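Only one structure is covered here, and it is reproduced in the block below.
The values are calculated or read from the model by the stated rules, or taken from the named source; none is laboratory data. All values derive from a computational prediction rather than experimental measurement. Cβ atoms come from the backbone with ideal geometry, glycine included; neighbour counts cover every protein chain shown. Each accessible area value is taken on the protein alone, full model and side chains, heavy atoms only, with ligands, DNA and RNA left out. Shrake-Rupley method; radii C 1.70, N 1.55, O 1.52, S 1.80 Å.
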Amino acid sequence: MFPALETELKPETLPDPYEDFIHHHLQYYGYFKAQKSSLPNSGTHQRVWRNSPRYMLNGSFGERDDFISDSLEKEMLLWPTCLSSTGHAHIDAVNRDSLLLSSPLLRTRQLIFDELDEASPRLREPRELFSCFSSRGPLQAPRWPIECEVIKENIHHIEWVPHQPEYFYQPTGNEKVPEIVGEEQGTVVYQLDSVPTEGTYFTSSRIGGKRGTIKELAVTLQGPDDNTLLFESRFESGNLQKAVRVGIYEYELTLRTDLYTDKHTQWFYFRVQNTRKDATYRFTIVNLLKPKSLYTVGMKPLMYSQLDATIYNIGWRREGREIKYYKNNVDDGQQPLYCLTWTTQFPHDQDTCFFAHFYPYTYTDLQCYLLSVANNPIQSQFCKLRALCRSLAGNTVYLLTITNPSRTPQEAAAKKAVVLSARVHPGESNSSWIMNGFLDFILSNSPDAQLLRDIFVFKVIPMLNPDGVIVGNYRCSLAGRDLNRHYKTVLKDSFPCIWYTKNMIKRLLEEREVLLYCDFHGHSRKNNIFLYGCHSNNRKHWLHERVFPLMLSKNAPDKFSFDSCNFKVQKCKEGTGRVVMWRMGIINSYTMESTFGGSTLGSKRDTHFTIEDLKSLGYHVCDTLLDFCDPDQTKYTQCLQELKELLQQEINKKLNNFGQDMDLEGNWSDIPLSDIESSTSGSDSSLSDGPPIHLLNNVADEPNQKTVLKNPKKKRLQTRKQRNEQYQKSYLMRELKLTENAPGRARFVSTLQKQPTFLKSPESPSPSVRRSENPRLNETQLSGREKGTSLDPPLTSPKNKERIQGFST
């Protein structure tokens, strides 16, 4: 029955001390009367028992009668019948050797055997902190709050890259501005019922969400001639609260706010059915909250046709005409609302179509990707998948450790670390596509990817907020708060994803130097891709934090805009990952912002970004890391020189705007960079940075809680811009007076008259970088770097002259 057991078993197999302990334990309490010597060897017994028909049917000792007093004796009766005479002889030999039964050598149950006839054990990998999905089993089903209804259908979309560029919509000025009439004059055709909003908080979750029968929320069609659209959004990452039919082919749509809040309506993703091919439909979203949007400068919504995907292999595409973003005319006395309207025609009759703010990337999409990595015999050797923690709803937050095995412990300890994360804001799915591109490249067999794995340890958290992604939030977790404002938190139970991420990086900093931290985000009001960093006040490392973004702009000149980068640290951003990691000692700490729209640069000017464009930026991050760490410091020093000239020009421009003389005295570099740069107030900041909702009452009752000052505040200037300008002007004038008699005036004036070598105009971008076929450096060239000097020009390996010349042009 078990032919593999017919071969002779090696007598070196040692018993498991755990079994020996259980024997004594049961015997002491009178539950086991057999002799100690009658117990089979655990190493042999396990292999036979796991292949027995009883085990394959029941899976374990799971039957109820297995737990009576003679359970082990019953198992023994089954077990010897499966053994050959050779197996019996081996066990008799083991039983006669009392030393083996009490051997202290075997201290673990983590033994595995390659073959049934091979008794030489080896240790399995350490157990997970939390169980990840099995490489042979099904994916972990997403866990939803118990208030959420979830349809049973599996939503899947194909990846597709348009054959032609998708240009921005060009407004004509004649776009219709539909008046919002609401359900008083229209017909509600879709509406979610029990949706948790402000005043409630998350309590528990389950797979599949709300218990009971799933209600049919869409209207019932009256016959084949009924052309009412059937809406649905109760699927992963979906977001649509209500649809009101206000015309034959016209609908007003209301988005659902982030769960347990009354804020953040930006992300939308919903399905429509029962389409008509020749009709022009108008959709108007009526409750957007941001006064500015990329829809005002040509961005189009995304549409996906199920029939086009099945028949023509066409995926998501930009669609929409008569696009208009405007203020809602309904005044309810609360915060102002804004509307997005567009018209479209469906490609087929009776089609199933989807609309989305951006290309969706769900938690299930991530798990499918990670499963493919786990099942890849090559990638799994240098990419270890672990569970960082569980989210509030119990969904796994995955952590990937990517590095090639080192030959010696010293070599492993010398590696520097790079930490990357994405999707802390669930509605910014563009960050997941950049992360996907990064993982595609770093896990590939490219020589440069192998080189990066040789010299770095990559810690990657591809989805920081899985709960928000699953339920279709735009910005918050199920705590009702923006996680990217809580990296300073001590509330592990309320913000587990952030707490464990920060703790992991703390431990990593104790082990090795972290060269770079980057958190991937999306941006709804600016085009292109850019970075937010943190300026360093250390004179030794002055401007060094700007070198990596400048290099990235040269490697991706048609996507990345250095002009849009900002390095000012604002008080309202103290809780962000970028600032907290910077204060922990990671000087190259960044937030990467990727637009929902497209590019205004170079060959991609006025076109939308595709999935492929975002993935390519993940590759450029890897490419720039090699440039940044090149031991040939030519490119690094060139970038530093360009940055100094750019800063001189910026100071000169500021003084001109203030109406001051251009002649500066003293050392211009003593002026803090934070007083030269504008604020990042145009970024997607959030007010959801208080304590978690369920603790609000407790916080209000705290006796030491800070009280609001009753004294009236000083009258402020009308706008933030006026305040910034006056502060900058007064500070510059004060610095000029202090340095009035300092030397260096003539040198600085002559420097100002120089033209910068770095040209940022889209008409003359830097040439694209052509990848070398061979690795550009070897690991040993990095050994000379001192630990703790990551901001000095880092060392990796020289590239070819073409790339260096590309930086000097």
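Annotations
- Here the calculated FRET efficiency for Arg407 and Leu221, from their Cβ-Cβ distance with R0 = 41 Å, stands at 0.05, rounded to the nearest 0.05.
- Rounded to the nearest 20 debye, the dipole size of the stretch 542-619 about its Cα centre is 260 debye, using +1 on the Cβ of Lys and Arg and -1 on the Cβ of Asp and Glu.
- Here the simple spin-label model places points 7 Å from the Cα toward Cβ, and for Gln273 and Ile146 these points are separated by 3.0 nm.
- Mean Cβ count within 10 Å, highest first, over the residues of peptides 347-359, 579-591, 171-183: 579-591, 347-359, 171-183
- With eigenvalues of the C-alpha gyration tensor scaled by 5 and rooted, the stretch 391-520, Å: 28, 18, 10
- FRET efficiency estimate (nearest 0.05) - Cβ-Cβ, Glu166 to His348, R0 25 angstrom: 0.75
- Taking a ≥ b ≥ c as the square roots of the eigenvalues of the Cα gyration tensor, the stretch 592-647 is oblate, since a/c reaches 1.5 or more and a/b is not larger than b/c.
- At a probe radius of 1.4 angstrom, the accessible area of the stretch 427-557 per residue rounds to 23 square angstrom.
- Burial order of peptide ranges 256-267, 412-423, 222-233 (average beta-carbon count within 10 Å, highest first): 256-267, 412-423, 222-233
- Karplus-derived 3J(HN,Hα), 6.51/-1.76/1.60, for each residue of the stretch 616-629, Hz, glycine and proline x: 5, 5, x, 5, 5, 4, 5, 4, 5, 4, 5, 4, 5, 9
- The slack in the chain from Lys653 to Glu612, taken as 0.36 nm per residue of separation less the alpha-carbon distance, amounts to 11.0 nm.
- Compared with the direct C-alpha span, the chain from Arg321 to Asn376 gains 15.4 nm at full extension, assuming 0.36 nm per residue.
- Look at the Cα gyration tensor of the stretch 523-633: its axes a ≥ b ≥ c give a/c of at least 1.5 with a/b at or below b/c, and that counts as oblate.
- Sequence of Asp606, Asp627 from largest to smallest accessible area, 1.4 Å probe: Asp606, Asp627
- Prolate is the label for the stretch 265-356. Its Cα gyration tensor axes, ordered a ≥ b ≥ c, give a/c of at least 1.5 and a/b above b/c.
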